[in-house]
Amino acid sequence: MNCEVRARLLDELSFAVAEYNRAVNRMINQGKRADPILREMANQAREECAECRAALLEHEREHGCVATLALI
Ligand SMILES: [Zn+2]
């Protein structure tokens, strides 16, 4: 079944993961001198990933639009 809501939630999760990846890479590039603000940005991005993942899994559970629940 092609569910537009699930597709949107997947896009949001993909975007959030990409943002987290960018934030972590900025920290890596700064090394030991990493700005604490970068760490906070990475933490916020990680929390956004968790929220997007939870929203996706909740939708899949309630809507039943996938044969098996995603293991992501
Ligand atoms: Zn759905």
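The values are calculated or read from the model by the stated rules, or taken from the named source; none is laboratory data. Nothing here was measured: the structure is a model prediction, and the numbers come from that model. All Cβ positions, even for glycine, are placed from backbone atoms using ideal geometry, and neighbour counts span all protein chains on display.
For segment 2-36, a residue qualifies if it is within 16 Å of the ligand (Cβ to nearest atom) and either part of a helix (DSSP H, G or I) or closer than 17 Å to Glu58 by Cβ (or both), and the qualifying residues are Cys3, Glu4, Val5, Arg6, Ala7, Arg8, Leu9, Leu10, Asp11, Glu12, Leu13. Screening Glu48, Glu58 for residues that are exposed (fewer than 13 other Cβ atoms within 10 Å of the Cβ) and either touching a strand residue (DSSP E or B) at 6+ places or on another chain (Cβ under 7 Å) or at pLDDT 95 or above (or both) leaves exactly one candidate, Glu58.
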